[in-house]
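Student: The structure that follows is given in the form of structure tokens.
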2 protein chains.
Amino acid sequence: MRVPLVLLGCGRVGQALLEEAASLDLQFLGVLDSTGGVVDGGGIPQGRLSQLLSRKREGVALGELGVPGEGATSALLALLRERRGLLVDVTAADTRPFLFSALEAGWGVVLANKLPLVGPWEDFRRLSSVGYEATVGAGIPLITTLKALLGSGDEVHLIQGGLSGTLGFLLAEVERGEAFSQAVRRAMARGYTEPHPAEDLSGADLARKGLILARTLGLPLELEEVELEPLASPAGRGLPVEGFLQGLRAQDAELRRRLEGAKRRGLTLRYVVEVSSAGVRAGLREVDRKSPLARAQGVENVVVINTRRFKGHPLVLAGPGAGPASTCAGLLLDIFRLARTLGR
Amino acid sequence: MRVPLVLLGCGRVGQALLEEAASLDLQFLGVLDSTGGVVDGGGIPQGRLSQLLSRKREGVALGELGVPGEGATSALLALLRERRGLLVDVTAADTRPFLFSALEAGWGVVLANKLPLVGPWEDFRRLSSVGYEATVGAGIPLITTLKALLGSGDEVHLIQGGLSGTLGFLLAEVERGEAFSQAVRRAMARGYTEPHPAEDLSGADLARKGLILARTLGLPLELEEVELEPLASPAGRGLPVEGFLQGLRAQDAELRRRLEGAKRRGLTLRYVVEVSSAGVRAGLREVDRKSPLARAQGVENVVVINTRRFKGHPLVLAGPGAGPASTCAGLLLDIFRLARTLGR
């Protein structure tokens with residue numbers, strides 16, 4: 001079965017997917033980034049794909065390699081009307097208009113992009129048929145599992161997620177005795193953070209992931225309703241990185257104090273996203289040192305699922321919750337699942 | 001959607017499923033144990049089901065409550081021809097003839113029973129459409145995950161499973177300093193073992209689970225090809241329990257010695273089922289004390305999946321790998337998945 005698809009976005013995740021093209025018999029009808037791209041209803045030949053991939057890696061924009069700007073967009077919209085396939089969105093943009101057009105034209109949609117899923121609840125409902133495994137926990141089959149549990153008549157009572165490898169690493173370092181601000185520098189040096197670490201410490205991405213999980217359970221919540229405890233003020237994003245890191249030192253003592261308090265109670269500190277019928281909360285939590293949430297290794301993600309049937313003995317999923325390879329694995333779970341329904 | 005099904009076997013797992021009947025809108029067309037049972041193409045009324053369940057719990061055989069023996073079997077075979085539904089097999093018997101009849105008549109089949117899956121490879125292939133999530137790791141969605149990974153074009157390189165909560169508990173106790181034979185007594189006292197613990201220690205059940213995993217990956221292996229290291233000779237099953245337990249003391253020193261050896265290398269000892277293209281092996285393995293396999297709590301099962309895409313950063317699933325509630329959860333994953341395909 002040849003799977004026809006259009007790739008929207010061509011960063012590290014998109015490039016990882018392009019690499020899989022040959023071995024998996026994916027047929028790319030289009031590859032676009034924010035500058036333009038290539039659309040070919042007959043399928044972009046493998047040689048051309050490889051060329052696009054290597055030039056893109058050299059930093060050349062797709063608008064220069066194919067049709068720039070509006071022209072590419074028009075070609076894409078025409079393709080959506082003429083063919084059937086999967087639209088794979090790995091951008092970080094608000095692509096909702098494209099996604100709605102694709103769905104109306106009978107296309108399947110697969111997302112690594114969280115933004116379209118965290119708009120108004122009504123928009124999430126319009127996107128109910130899209131695949132979004134890759135948006136939370138990357139390739140860990142978390143959404144697949146939640147949907148299977150719900151589809152089998154189980155009720156999910158509580159999800160607890162260590163969904164940021166970066167914050168998990170930071171708190172494990174602090175637990176080992178490192179100062180918080182130093183741990184952030186170490187995480188940066190290892191490439192675990194966004195270019196500006198204030199982005200990770202704001203928790204904003206975790207609020208989005210928590211909301212997506214809650215909505216998967218059918219809870220009609222909005223992003224503003226997520227209770228978020230940031231590890232650093234989002235305003236820090238406006239500061240130069242070095243100044244921001246200097247400022248973090250003011251928090252070292254407070255975090256140490258909270259950790260020592262947890263230790264006295266035989267517990268430790270982790271940044272946990274909690275989803276239940278009471279809503280979504282994300283923040284520092286005292287957890288058992290033997291709990292799966294505390295035992296995550298390195299930048300591993302861990303999700304603990306308590307349901308009516310798995311009560312007292314929760315289901316635990318863990319694995320690489322970030323990175324192009326794992327995110328690509330999540331995309332492919334959705335791509336092949338939805339491809340099977342395309343013909344129907 | 002009312003799901004019509006026939007329940008074959010009415011032990012603790014079958015009883016757990018019967019309890020779910022009312023809340024989940026399952027329609028039981030038949031309930032049979034080895035002595036006979038009740039078959040009703042119009043659906044057994046809820047009141048009658050509740051009555052069967054409570055009498056069965058009192059120890060009354062279904063043959064006494066409904067039609068005994070051959071009569072029930074004939075009624076079942078007639079039903080298979082007249083209706084469509086799901087045959088749910090929670091026996092521990094070789095039910096292959098029934099399963100083949102059901103499949104030929106267009107029924108779906110769901111198994112908690114491992115036996116039909118560990119006969120000749122050719123029979124496993126004939127059963128390729130059946131649901132068997134509950135046979136390995138109970139409700140942990142392991143088979144679902146493996147099939148999703150394979151279906152998305154990934155390749156599974158190695159599965160390592162702590163698939164016996166009983167043996168996991170025993171080795172954690174030995175690690176804590178307990179003598180092996182004493183740990184077995186403790187596991188028995190907690191109800192973690194089969195009535196005769198030689199059954200658990202033989203590893204035979206793990207050989208079956210390993211074979212089912214290997215066959216899920218498409219490896220055409222036979223049960224005789226599984227490399228099995230028993231923790232006690234299967235011949236022990238012939239001894240009275242107390243005599244068997246006395247005899248186990250001869251192994252205390254040897255197991256202690258192996259554990260101390262592992263500890264000197266910074267490792268610990270676990271009973272691991274390994275599945276790869278090289279085959280299936282089950283036995284004592286030295287594992288990292290921080291590895292997911294070593295960190296299982298109590299009788300938790302843990303499975304570590306290394307694939308082409310999840311290489312170096314494996315996917316980990318953990319949860320209650322035994323017990324009626326979890327096994328029933330596994331059955332229901334299959335029941336509702338297959339129910340959706342029944343109408344087609």
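Student: Can you find even one residue in the range A:289-296 that is in contact with a Leu (Cβ under 7 Å, 6 or more places away or on another chain), crowded, with 17+ Cβ neighbours inside 10 Å and part of a loop (DSSP other than H, G, I, E, B)?
Tutor: no
Student: Please verify whether A:Leu103 is touching a residue at least 24 places away in the same chain (Cβ under 8 Å) and touching a Phe, Trp or Tyr at 6+ places or on another chain (Cβ under 7 Å), treating the condition exactly as stated.
Tutor: No; evaluated as a whole, the condition is false for this residue.
Conditions tested, residue by residue: (1) surrounded by fewer than 21 Cβ atoms within 10 Å (Cβ to Cβ); (2) touching a residue at least 60 places away in the same chain (Cβ under 8 Å); (3) under 27 Å from B:Arg308 (Cβ atoms).
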site	(1), (2), (3)
B:Met188	yes, no, no
B:Ala198	no, no, no
B:Thr216	no, yes, yes
B:Val226	no, no, yes
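Student: Right, something else. More than 13 Å from chain B (Cβ to nearest Cβ) and of a type outside the set (S, T, N, Q): is that true of A:Gly153 in this structure?
Tutor: Judged against the criteria, A:Gly153 is not a match.
Student: Would you mention how many residues in the range B:297-326 are in a strand (DSSP E or B) and among the small types (Gly, Ala, Ser)?
Tutor: 2
Student: Turning to a different aspect of this structure: Of all residues in the range B:64-93, how many are in contact (Cβ under 8 Å) with a residue 40 or more places away in the chain and over 18 Å from B:Leu5 (Cα atoms)?
Tutor: Adding up the residues that qualify gives 2.
Student: Restricted to the range A:1-43, and to residues that are under 24 Å from the mean Cα position of the chain (by Cα) and charged (D, E, K, R), which residue is surrounded by the fewest Cβ atoms within 10 Å (Cβ to Cβ)?
Tutor: Per the stated criteria, the residue is A:Arg12.
Student: Of all residues in the range B:279-288, which are over 18 Å from B:Leu221 (Cβ atoms) and either within 14 Å of chain A (Cβ to nearest Cβ) or in contact with a Leu (Cβ under 6 Å, 6 or more places away or on another chain) (or both)?
Tutor: B:Leu284, B:Glu286, B:Val287, B:Asp288
Student: Kindly check whether there is at least one residue in the range A:252-268 that is touching a Phe, Trp or Tyr at 6+ places or on another chain (Cβ under 6 Å) and either over 22 Å from B:Leu146 (Cα atoms) or outside the structural domain of A:Ala172 (by TED's automatic domain parsing) (or both).
Tutor: yes
Student: Here's another thing I want to ask about it. Which one is surrounded by the most Cβ atoms within 10 Å (Cβ to Cβ) among residues in the range A:110-144 that are hydrophobic (A, V, I, L, M, F, W, C) and more than 15 Å from the chain's Cα centre (by Cα)?
Tutor: A:Phe124
Table: residues versus (1) within 14 Å of chain B (Cβ to nearest Cβ); (2) over 24 Å from A:Arg308 (Cβ atoms).
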position: A:Tyr132; (1), (2): no, yes
position: A:Leu142; (1), (2): yes, no
position: A:Lys147; (1), (2): yes, no
position: A:Arg176; (1), (2): yes, yes
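Student: Before we move on, is A:Val316 without any contact (Cβ under 8 Å) to a residue 60 or more places away in the chain, crowded, with 24+ Cβ neighbours inside 10 Å and in the same structural domain as A:Val275 (by TED's automatic domain parsing)?
Tutor: In short, yes.
Student: Something else: Given the criterion within 14 Å of chain B (Cβ to nearest Cβ) and within 30 Å of B:Ile143 (Cβ to Cβ), identify the matching residue among A:Gly218, A:Gly165, A:Gly210.
Tutor: A:Gly165
Student: Within the range B:145-171, how many residues are out of contact with any Gly (no Cβ under 7 Å at 6 or more places or on another chain), part of a helix (DSSP H, G or I) and either crowded, with 20+ Cβ neighbours inside 10 Å or among the aromatic types (Phe, Trp, Tyr) (or both)?
Tutor: So the count comes out to 8.
Student: Find the residue count for the range A:257-286, including only residues that are farther than 20 Å from B:Ser291 by Cβ and either assigned to a helix (DSSP H, G or I) or among the β-branched types (Val, Ile, Thr) (or both).
Tutor: 12
Condition check ((1) more than 17 Å from the chain's Cα centre (by Cα); (2) in a helix (DSSP H, G or I); (3) of a type in the set (A, V, I, L, M, F, W, C)) across all residues:
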{"site": "B:Glu173", "(1), (2), (3)": "yes, yes, no"}
{"site": "B:Ala183", "(1), (2), (3)": "yes, yes, yes"}
{"site": "B:His196", "(1), (2), (3)": "yes, no, no"}
{"site": "B:Arg208", "(1), (2), (3)": "no, yes, no"}
{"site": "B:Leu213", "(1), (2), (3)": "no, yes, yes"}
{"site": "B:Glu224", "(1), (2), (3)": "yes, yes, no"}
{"site": "B:Pro230", "(1), (2), (3)": "yes, no, no"}
{"site": "B:Gly236", "(1), (2), (3)": "yes, yes, no"}
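Student: Here's a follow-up. Going by what's in this entry, would B:Pro234 be described as at pLDDT below 95, surrounded by fewer than 21 Cβ atoms within 10 Å (Cβ to Cβ) and more than 17 Å from B:Gln160 (Cβ to Cβ)?
Tutor: Yes.
Listed here are the residues, each with its yes/no results for (1) charged (D, E, K, R); (2) within 14 Å of chain B (Cβ to nearest Cβ); (3) at positive phi.
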position: A:Leu259; (1), (2), (3): no, no, no
position: A:Arg264; (1), (2), (3): yes, no, no
position: A:Glu274; (1), (2), (3): yes, no, no
position: A:Ser277; (1), (2), (3): no, no, no
position: A:Gln297; (1), (2), (3): no, yes, no
position: A:Glu300; (1), (2), (3): yes, yes, no
position: A:Arg309; (1), (2), (3): yes, yes, no
position: A:Gly319; (1), (2), (3): no, yes, yes
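Student: What do you reckon, is B:Leu331 under 30 Å from B:Val3 (Cα atoms), facing chain A (nearest Cβ under 8 Å), buried (at least 20 other Cβ atoms within 10 Å of the Cβ) and modelled with pLDDT of 95 or more?
Tutor: Against the criterion (under 30 Å from B:Val3 (Cα atoms), facing chain A (nearest Cβ under 8 Å), buried (at least 20 other Cβ atoms within 10 Å of the Cβ) and modelled with pLDDT of 95 or more), B:Leu331 does not qualify.
The values are calculated or read from the model by the stated rules, or taken from the named source; none is laboratory data. Here the structure is a predicted model, which means the values were calculated and not measured. Don't worry about glycine lacking a Cβ; one is built from the backbone with ideal geometry, like all the others, and counts go over all protein chains shown.
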